[in-house]
Amino acid sequence: MTAPLDRADQRLRADDGLTGALRAFFDRVRAGDLGMLPVVVGLVVISAVFTALNPVFLVPNNLVNLLFDCATVGIISLGVVCVLLVGEIDLSIGSMSGLASAMVGTLWVNEGWPIGFAILSAVLVGALVGWIYASLFSRLGMPSFVATLSGLLGLLGLQLYILGPTGSINLPFESPFVRFGQLMIMPHWFSHLAALVPGVVILATGLRRRARRLRANLSAPAPTGLILKAVVLSAALEFAVWYLNLGRGVPWMFGLFVLLVVALDYGLTHTKWGRSVLAVGGNREAARRAGINVARIHATAFMLCASLAALGGTLSAARLASSSQQAGTGDVNLNAIAAAVIGGTSLFGGRGSAWSALLGVIVIQAISSGLTLLNLSSSLRYMITGAVLAIAVIVDSLARRSRISHGRA
Amino acid sequence: MTDSPKSPRGAPILSLRGISKTFGAVSALTDIELDIHAGEVVALVGDNGAGKSTLVKVLAGVHRPSAGTIRVGGQEVTLDSPARAMQLGIATVYQDLALCENLDVVANLFLGHELSPWNLDEVAMEVRAWTLLQELAARIPSVREPIASLSGGQRQTVAIARSLLLDPRIIMLDEPTAALGVAQTAEVLNLIERVRDRGLGVIMISHNMEDVRAVADRIVVLRLGRNNGIFDRSASHQELVAAITGANDNSVSRRMERKEART
Ligand SMILES: Nc1ncnc2c1ncn2[C@@H]1O[C@H](COP(=O)(O)OP(=O)(O)OP(=O)(O)O)[C@@H](O)[C@H]1O
Ligand SMILES: [Mg+2]
């Protein structure tokens, strides 16, 4: 048999098997292709520090609460990943989520709309806002930074206007919507079953891809690495689920968030749209010359971002059982952006993944939960969260510099 | 000074009449006329800043011309976007290559034309990528590395391979061999002849007169954004240099005279 098509070059080291995979991983890290490494390390450090300071941090029910909070900000952060990937920014996500929360409150409670319609209209308004940003950007050349900054104020104003003088609307506690945001937990058997899915999917798709590559005379790594990965991942997830089930269990809302992450990840890595998003973020002019409709890609990214912010906003209304003037203000904006960046999506466009929203938001919420347990004032909490964000951006910039000097863009 | 070119067969597949392009106060192109026939290699030569790349970009749909008409296959067309130019079968290798450094070789080759858009067929794309690259005798160790980690010549090969992907009718190569090694240059020149024999029209820009003379059927000279003569490949070096620089008394000819005087 001849050498596989992609192994013909004699300079190429064959990174086969487990040691090969490890060596390739270390090479990548050294070249500044950090991926999710900083966030995993960060998470371990943060948990260790907070548990040492206050053991309540690691109690199952505290972690369950943490997952509830992760879901709302995480969904907003997922949208931020989209705009960061095309090399733009949306600073109005906080206001958008606040407006969505206000819309759901007024339409559902005050106007008596069915809850589904109220949520849908909030998400559609989000899409409209995103479309406006994209048009301002591609037709008038308005930098997204400025367009969304004015959006931040405008949408906040709209939120206050809708809520009127009373300033807040309480959502009925007994409604399924609020219960979804506060109480609904997966049955234990279901959560254990769900924790097996990622491992099985990785194994099945991995083996299928391997078979196809071999058939096409391309090299394919031995399946041991794949099996090991699936086993380790399943074991870790099963342990996490078991631990959470010692408390209340895994929130459905968190399940919804993970589902959205998986969907976006598929979109970004397995579709033409995702390729185009990365290309536009990497080199806009090259993408245009390759025949990509850059304006349309921008529009989808901004629309997805604002719609996800709106969805996150409605869920946080459910979480708090109220639509108030405070919804979406304060640190929501920065937390969502910070989560995406901490998770490893670059501020410079063109690199990152949907998973960064998940990992990043867990870090952000862990810090915030730990600081709350320490009874620190919000002044200190802001300063510490700010410092963490700064560190994340510094890591991003340094990694980028290292990538450039190692020729990995 | 304009030798009349040997009359090519049939109607041109691409023809430009009165094409002008201005950037603010700069007229990069003025009243350009150009015909490309099927199965013909036309070399576009001229000094730095003569407007060669601008002309290529106009034909690639990157810049809209300020005036003039473009006909493809006899039909008058508006090339208002790169996608439109590709649709009409015009493929381009840009001088700056226009690759996405953050994406790998396969992703760059198929950018905008991925196989099965809703569930990318990575295996088929990778196989096609290797076959294309092998045709060009490319020396690329791995197609799964980001473009940023490739050498200048490897990138150029990727850009050339990409232009062949869509089975175009006309290929425009803007200094395709500038960064290439000996074997790869020869391979690209072979490739140009191969695609010409397949009946494609080729526009090639090069500063290397040897390469130009090796493959070009006609040599079109641009000077300061204007047509400055059409030659066939038997034209003397002197003639070409004179047309490119715009005078018989120029730095190139003075250099050659000095050299001859010394020997
Ligand atoms: N985008 C642009 N904006 C303004 N001026 C431009 C632009 N592109 C090209 N020009 C001008 O048009 C003229 C022709 O440039 P062009 O790149 O076509 O030259 P060229 O013949 O390809 O030169 P070279 O051999 O150096 O590649 C130059 O004077 C250049 O400054
Ligand atoms: Mg040029």
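What follows draws every value from the coordinates through simple rules; no lab data is involved. Just so it is clear, the structure is predicted and the values come from calculations on it, not from any experiment. Cβ: placed from backbone, ideal geometry, glycine included. Neighbour counts: every protein chain shown.
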Expected max-MSF residue from A:27, A:90, A:69 in the GNM of chain A (alpha carbon, under 10 Å) is A:27
Choice from A:251, A:38, A:165 with maximal GNM fluctuation in chain A (Cα, 10 Å cutoff): A:165
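Can you sort A:166, A:271, B:54 by how many other beta carbons sit within 10 Å, fewest first?
Lowest to highest Cβ neighbour count: A:166, A:271, B:54.
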Highest GNM mean-square fluctuation, chain A, Cα pairs closer than 10 Å: which of A:303, A:383, A:253? A:383
Cα-centred dipole magnitude for region A:185-250, charges only on beta-carbon of K, R (+1) and D, E (-1), debye, nearest 20: 480
Percent of alpha carbon pairs in chain B separated by more than 35 Å? 18
In Å, the C-alpha Rg and Dmax of region B:96-245 are 17.1, 57
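When every alpha-carbon pair in region A:260-300 is counted, what percent end up more than 14 Å apart?
Above the 14 Å cut-off, region A:260-300 has 42 percent of its Cα pairs.
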For region B:92-174, average projected area of the Cα convex hull in nm²: 5.3
Taking a quarter of the surface of the Cα convex hull of the protein assembly as shown, what do you get in nm²? 36.6
Span from the region A:159-238 Cα centroid across to the region A:126-145 one, whole angstrom: 32
With region B:1-152 reduced to its Cα atoms and the Debye formula applied, log10 I(q)/I(0) at q = 0.15, 0.18, 0.19 1/Å amounts to -0.97, -1.17, -1.22
How large is the convex hull of the Cα atoms of region A:185-250 per residue, expressed in Å³ as a whole number? 61
Taking the dipole of the protein assembly as shown about the Cα centre (Lys, Arg +1; Asp, Glu -1; charges at Cβ), the one of A:80, B:68, B:236 that reaches farthest to the positive side is B:236
Given charges at beta-carbon only (K, R positive; D, E negative), |dipole| of chain B in Debye: 580
For chain A, what is the mean residue ellipticity at 222 nm derived from helices alone (per DSSP H run of n ≥ 4: -39500 (n - 2.57); sum divided by total residues; nearest 500 deg cm²/dmol)? -24500 deg cm²/dmol
P(r) of region A:189-322 in 10 Å steps, Cα pairs, percent per bin? 10, 25, 27, 27, 9, 1
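About the Cα centre of chain A, what is the dipole size in debye to 20, counting +1 per Lys and Arg Cβ and -1 per Asp and Glu Cβ, all else neutral?
1520
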Using a 10 Å cut-off around each Cβ, can you sort A:107, A:244, A:120 from fewest to most neighbouring Cβ atoms? A:120, A:107, A:244
Give the residue from A:198, A:235, A:249 lying farthest towards the positive end of the charge dipole for region A:185-250; charges sit on Cβ (+1 for Lys and Arg, -1 for Asp and Glu) and the dipole is referred to the Cα centre. A:198
Debye-sum result for region A:45-189 in log10 I(q)/I(0), which assumes one identical scatterer on each alpha carbon, at q = 0.13, 0.15 Å⁻¹: -0.77, -0.94
Taking chain B and counting helices only, DSSP H stretches of n ≥ 4 at -39,500 (n - 2.57) each over all residues, the nearest-500 ellipticity at 222 nm comes to -10000 deg cm²/dmol
For chain A, take the longest principal axis of its alpha carbons; what is the angle in degrees between that and the long axis of helix A:17-30, to the nearest 10 within 0 to 90? 60
Antiparallel %, DSSP beta bridges [both residues in the protein assembly as shown], to 5: 60
Rank A:214, A:267, A:375 by how far each Cα sits towards the positive end of the charge dipole of chain A (+1 on Lys, Arg Cβ; -1 on Asp, Glu Cβ) and give me just the farthest. A:214
